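Q: Have a look at this one before I ask anything.
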Amino acid sequence: MTKIEKEILDSIIRNFGCYSGKVLEKMTHAEIPWSYTRIGLGDNENSNRIIKKELIVKYFNDIKLKHNMLNISDIKDYSTDLFSKL
């Protein structure tokens, strides 16, 4: 693992590790790749649909632009914004 990869992972742990599993689940379910892939399914309906990689890439590229993520510390803005939507 490179130094930058370690710094990114440390930032993710620092900014998301404070949330419970249920909150993290709600966060991921509030994101577009999850909700788009589940169109037509009920909230509690099981699914084996696979979220397309292209959808994930586009979503996180959009997040990067929205939060002007230029530094590792910018991950905090994303986590705060996502939590506020719950």
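The values are calculated or read from the model by the stated rules, or taken from the named source; none is laboratory data. Here the structure is a predicted model, which means the values were calculated and not measured. Reconstructed Cβ throughout: ideal geometry from the backbone, glycine too, with neighbour counts over all protein chains shown. Remember, those area values only see protein heavy atoms, side chains included, never the ligands or the DNA or RNA. Shrake-Rupley method; radii C 1.70, N 1.55, O 1.52, S 1.80 Å.
Q: What are the pairs, 6+ residues apart or on separate chains, where a residue within the stretch 10-21 that is over 14 Å from ASP81 (Cα atoms) has its Cβ under 8 Å from a residue that is hydroxyl-bearing (Ser, Thr, Tyr)?
A: Between residues of the stretch 10-21 that are over 14 Å from ASP81 (Cα atoms) and residues that are hydroxyl-bearing (Ser, Thr, Tyr), the close pairs are SER11/SER73.
Here's the yes/no breakdown for (1) over 21 Å from LYS66 (Cα atoms); (2) open to solvent by less than 60 Å² (accessible area, probe 1.4 Å); (3) not hydroxyl-bearing (Ser, Thr, Tyr):
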position	(1), (2), (3)
LYS6	yes, no, yes
SER11	no, yes, no
LYS22	yes, no, yes
HIS29	no, no, yes
GLY42	yes, yes, yes
ASN48	yes, no, yes
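Q: What are the pairs with Cβ atoms under 8 angstrom where one residue, in the stretch 38-62, is free of Cβ contacts under 8 Å to residues at least 12 places away in the same chain and the other, located anywhere, is β-branched (Val, Ile, Thr) and outside any loop (DSSP other than H, G, I, E, B)? Sequence gap at least six, or different chains.
A: SER47/THR37
Q: Of these, LEU70, LEU55, LEU86, which one is of a type in the set (A, V, I, L, M) and touching a Lys or Arg at 6+ places or on another chain (Cβ under 8 Å)? Steps first, please.
A: Working: LEU70 fails: touching a Lys or Arg at 6+ places or on another chain (Cβ under 8 Å); LEU55 fails: touching a Lys or Arg at 6+ places or on another chain (Cβ under 8 Å).
After applying the criteria, what remains is LEU86.
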